[in-house]
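Below is one structure, written out as structure tokens; comments come after it.
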Amino acid sequence: TAKLTPEKLLCQLRDRVNVRMIHGSDGPFSTSEWQKCLPGKNLSQEVGHFRQCAVVSSAGSLKSSHLGPEIDTHDAVLRFNGAPTIGFQNDVGEKTTIRLVNSQLVTVKEQKFLTDTLYNTGILIVWDPAPYHAEIHEWYRKPDYNFFANYKEYCEKHPEQPFYILNPKMQWELWDILQENSLENIQPNPPSSGMLGIVIMMTLCDEVNVYEFLPSKRQTDICHYYQRYHDRACTMGAYHPLLYEKNLVKRVNQGQNELIYTHGKVTLPGFRNMDC
Ligand code: NCC
């Protein structure tokens, strides 16, 4: 198939990836105990609409980047999983508007999701690797990680903090576009939190700057800026089709290529500002 132009590719993302959260009206979630926890407003009603947003990957290449002040100038900042700001402000900034976490983090006790105060700032969104294009009912019966009990426990402890569950259909709508635009067969696993977070922010913001998703000159085998652990798979991908995600983001970048090298920075348009 012919390669899509960047504009067409962006339009595919806008028109085919339906970013939505689980609501109290979604099948198995329509019980009174779920109604207590699931936010009544949808995400864009809750946060309004932002001009400039930043998505901060957790990559080791953020270390010594001094990107913190630039990141904090954005109207909203999205971070992932257990990525901290305290102690790393200089490189990653201190603002957290939204934190996207995976279901493993919420479920596995060692990850301290229920007790670490890191999670108490900003709006939380959890996602779970659902079976390919599964119906909500099927997914609810067998999620990849059964995070539902911890979700409820967290929400009861923090009733004022909005905590969303990403509708699992979105990840496969996005995966289909990744597959269609790759020359090879990609692994049948959902996109990384990074890629999901980028598309979520494209629905809320006029412009999205993504930091160190495409690695800069600081590229390193150090997995995260906040840990010592080394693993190339963190940047290249193993379970997630990360390399294909990065190729796609590179194709739709509207910023200067030089800024990828120096800042690990990519600029994407918000969906509302696109003519398709
Ligand atoms: O590592 P993780 O990802 O939390 O990183 C968040 C997102 O940043 C981008 N990234 C990260 C490191 C790196 N060197 N380069 C990058 O581009 C990726 O886009 C990544 O998605 C995840 O996607 O949820 C993931 O979560 C971790 C782990 O579960 C959480 O950190 C909680 O501990 C996964 N690691 C393991 O399971 C060991 C990782 O595979 C995916």
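Kindly identify segment 93-220 as rounded, prolate or oblate by the Cα gyration tensor criterion: order the square roots of the eigenvalues as a ≥ b ≥ c, call it rounded if a/c is under 1.5, otherwise compare a/b with b/c, prolate if a/b is larger, else oblate.
oblate
Out of all DSSP beta bridges with both ends in the chain, state the antiparallel percent to the nearest 5.
30
What is the spread of the Cα atoms of segment 23-150 along each of their three principal axes, largest first, in whole Å?
Rounded to whole Å, the extents work out to 46, 34, 29 Å.
Step through the table entries Lys157/Lys265; Lys36/Lys109; Lys169/Lys246, compare each Cα-Cα distance with 27 Å, and write down the pairs that go over it.
Lys157/Lys265
Amide H to amide H, which residues 5 or more places from Tyr164 or on other chains are under 5 Å from it, using H placed in the peptide plane?
Leu124, Ile125, Val126
So how far apart, in nm, are the two label points at Thr73 and Lys142 if each is 7 Å from Cα heading toward Cβ?
Going from the Thr73 label point to the Lys142 one covers 5.0 nm.
For the chain, go through all pairs of different Cα atoms, get the mean of 1/r, take its inverse, and jot down that Kirkwood value in Å.
After inverting the pairwise mean of 1/r, the radius is 19.0 Å.
Grab the other residues whose beta carbon is less than 15 angstrom from that of Gln35, score K and R as +1, D and E as -1, and report the net.
Around Gln35, the surrounding residues sum to 0.
What shape does segment 181-272 have by the C-alpha gyration tensor, where a ≥ b ≥ c are the square roots of the eigenvalues, rounded means a/c under 1.5, and otherwise prolate means a/b greater than b/c and oblate the rest?
Taking the square roots of the gyration eigenvalues as a ≥ b ≥ c, segment 181-272 is oblate.
How many nm is it between the label spots at Leu4 and Tyr229, if each spot is 7 Å from the Cα in line with the beta carbon?
Going by the 7 Å Cα→Cβ label model, 3.3 nm.
Rounded if a/c is under 1.5, else prolate if a/b is larger than b/c, else oblate: which is segment 194-245, with a ≥ b ≥ c the root eigenvalues of its Cα gyration tensor?
prolate
Restricting to DSSP H runs of at least four residues, report the calculated mean residue ellipticity at 222 nm for the chain, -39500 (n - 2.57) per run over all residues, nearest 500 deg cm²/dmol.
Taking each H run of at least 4 residues, the total per residue is -9000 deg cm²/dmol.
Under a Cβ-only charge scheme (Lys and Arg +1, Asp and Glu -1), can you give me the dipole magnitude of segment 135-201 about the Cα centre, in debye to the nearest 20?
240
Sorting check: for 43-52, 242-251, which peptide has the highest mean count of neighbouring beta carbons within 10 Å, and how do the rest follow?
242-251, 43-52
Please build a GNM for the chain, connecting alpha carbons under 10 Å apart, and tell me which residue among Phe80, Phe148, Phe213 fluctuates the most.
So, out of Phe80, Phe148, Phe213, the one fluctuating most is Phe148.
Would you work out the relative contact order for segment 1-133, in percent, from Cα pairs under 8 angstrom that are 6 or more residues apart?
16 percent.
Considering amide H positions built from the backbone, and no H for Pro or chain starts, which residues 5 or more places from Ala54, or on another chain, come under 5 Å of its amide H?
Ala76, Val77, Leu78, Asn209
Give me Glu212, Glu160, Glu258 ranked fewest to most by other Cβ atoms within 10 Å of their Cβ, as a rough exposure proxy.
Glu160, Glu258, Glu212
Grab the other residues whose beta carbon is less than 15 angstrom from that of Arg141, score K and R as +1, D and E as -1, and report the net.
Result for the local shell: -4.
Please work out how much length the chain gains when fully extended from Ser25 to Asn273, using 0.36 nm per residue of separation minus the C-alpha to C-alpha distance, in nm with one decimal.
86.3 nm
How high is the relative contact order of segment 51-113, in percent, with contacts defined as C-alpha pairs under 8 Å that are six or more residues apart?
Once normalised by length, the contact order is 33 percent.
Give me the distance between the Cα centres of segment 215-276 and segment 47-90, rounded to whole Å.
14
None of the figures in this text is laboratory data; all of them are computed from the coordinates on show. Just so it is clear, the structure is predicted and the values come from calculations on it, not from any experiment. Please note: Cβ atoms are built from the backbone with ideal geometry, for glycine as well, and neighbour counts cover all protein chains shown.
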